[in-house]
1. Would you list the strands (runs of 3 or more DSSP E) that sit entirely within the stretch B:33-114 and hold 2 or more residues that are within 11 Å of chain A (Cβ to nearest Cβ) and farther than 18 Å from B:LEU11 by Cα?
2. Does the stretch B:57-78 include one or more residues that are of a type in the set (A, V, I, L, M), under 29 Å from A:ASP8 (Cβ atoms) and open to solvent by less than 30 Å² (accessible area, probe 1.4 Å)?
3. Looking only at residues that are within 14 Å of chain B (Cβ to nearest Cβ) and part of a loop (DSSP other than H, G, I, E, B) in the stretch A:87-113, which one is most open to solvent (accessible area, probe 1.4 Å)?
4. Could you run through the stretch A:1-46 and say how many residues are touching a helix residue (DSSP H, G or I) at 6+ places or on another chain (Cβ under 9 Å), part of a loop (DSSP other than H, G, I, E, B) and touching a residue at least 60 places away in the same chain (Cβ under 8 Å)?
5. Which of the residues spanning the stretch A:39-66 are open to solvent by less than 20 Å² (accessible area, probe 1.4 Å) and among the hydrophobic types (A, V, I, L, M, F, W, C)?
6. Name the single residue, out of those in the stretch A:67-86 being crowded, with 16+ Cβ neighbours inside 10 Å and out of contact with any Ser or Thr (no Cβ under 8 Å at 6 or more places or on another chain), that is farthest from the other protein chains (Cβ to nearest Cβ).
7. For A:ALA81, work out the one condition from (1) touching a residue at least 60 places away in the same chain (Cβ under 8 Å); (2) not in a loop (DSSP other than H, G, I, E, B) it doesn't fulfil.
8. Could you list, in sequence order, the residues of the stretch B:15-34 that are open to solvent by 70 Å² or more (accessible area, probe 1.4 Å) and at pLDDT 95 or above?
Amino acid sequence: AQSVTQLDSHVSVSEGTPVLLRCNYSSSYSPSLFWYVQHPNKGLQLLLKYTSAATLVKGINGFEAEFKKSETSFHLTKPSAHMSDAAEYFCVVSVPYTGKLIFGQGTTLQVKP
Amino acid sequence: ETGVTQSPTHLIKTRGQQVTLRCSSQSGHNTVSWYQQALGQGPQFIFQYYREEENGRGNFPPRFSGLQFPNYSSELNVNALELDDSALYLCASSPRGGGQETQYFGPGTRLLVL
């Protein structure tokens, strides 16, 4: 069965410092993994996607994530936080052949000036 | 290219009523998925439609039903509304069915059941 666990419900960083949002996954298959971002009162926007090509995936707005099979992790990073990065971030795994996405509980990123 | 659109943006209903939410998929996409996002939680998969057929369903009761039309737009219908149905309902479209395709989300419909 597929599942994801986001290890932090809330992360606070200062503007200009690195961001690390942690996600562990469980999957019976070679997983497809995603990170989505949700700004207040908005829909979900895709940040990046892993589908077994390269283990280091680059996304939009300077975000990237590294797939580590040995650690079953897919952590999201950004070298330097910007105020506009403050939002809710979801780690997501897809269930093959069903169209179902399984979301983590989300991590709220706060960026302080 | 037009993205995924949903209507209405907000809706207030009373317990026991029925509601219909609408979604227009992104141009070129033939698959639509629906999700329920309760306050403070991640979205939960309701079901997916691919070429007008239900392609997968999450753990939701039969009073949650859907349709997909020949132009690939979709409706979510919820009968006998309960207070716990209050949530943000998100629609997502993708180029084809299955789990590998990226799903692109609309802005959602916020439903309040009183």
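The values are calculated or read from the model by the stated rules, or taken from the named source; none is laboratory data. All figures in this text were calculated on a predicted structure; none of them were measured in a lab. Cβ placement follows ideal geometry from the backbone for every residue including glycine, while neighbour counts extend to all protein chains displayed. We work out accessible area using only protein heavy atoms, side chains counted, and drop any ligands, DNA or RNA first. Shrake-Rupley method; radii C 1.70, N 1.55, O 1.52, S 1.80 Å.
1. Working: elements: B:44-50, B:53-57, B:64-68, B:74-78, B:87-94, B:109-113.
Once the strands (runs of 3 or more DSSP E) in the stretch B:33-114 are filtered for at least 2 residues that are within 11 Å of chain A (Cβ to nearest Cβ) and farther than 18 Å from B:LEU11 by Cα, what remains is B:44-50, B:53-57, B:87-94.
2. First, the residues of the stretch B:57-78 that are of a type in the set (A, V, I, L, M): B:67, B:76, B:78.
Next, from what is left, pick out any that are under 29 Å from A:ASP8 (Cβ atoms): none.
No: zero hits.
3. A:TYR97
4. Restricting attention to the stretch A:1-46, the residues satisfying the condition of being touching a helix residue (DSSP H, G or I) at 6+ places or on another chain (Cβ under 9 Å) are A:13, A:15, A:19, A:37, A:39, A:45-46.
Now restrict to residues that are part of a loop (DSSP other than H, G, I, E, B): A:15, A:39.
Next cut, touching a residue at least 60 places away in the same chain (Cβ under 8 Å) only: A:15.
Of the residues in the stretch A:1-46, 1 are touching a helix residue (DSSP H, G or I) at 6+ places or on another chain (Cβ under 9 Å), part of a loop (DSSP other than H, G, I, E, B) and touching a residue at least 60 places away in the same chain (Cβ under 8 Å).
5. Keep residues of the stretch A:39-66 that are open to solvent by less than 20 Å² (accessible area, probe 1.4 Å), which gives A:43-44, A:47-48, A:50, A:57, A:63, A:65.
A:LEU44, A:LEU47, A:LEU48, A:VAL57, A:PHE63, A:ALA65, listed by residue number.
6. Going residue by residue through the stretch A:67-86, those that are crowded, with 16+ Cβ neighbours inside 10 Å are A:67, A:73-76, A:78, A:81, A:85-86.
Within this subset, residues satisfying the condition of being out of contact with any Ser or Thr (no Cβ under 8 Å at 6 or more places or on another chain) are A:73-76, A:78, A:85-86.
Numbers: A:SER73: 18, A:PHE74: 15, A:HIS75: 17, A:LEU76: 15, A:LYS78: 20, A:ASP85: 19, A:ALA86: 17 Å.
This residue is A:LYS78.
7. Status for A:ALA81: all satisfied but (2).
8. Once the filter is applied, which keeps residues that are open to solvent by 70 Å² or more (accessible area, probe 1.4 Å) and at pLDDT 95 or above, the stretch B:15-34 yields B:ARG15, B:GLN17, B:GLN18, B:ARG22.
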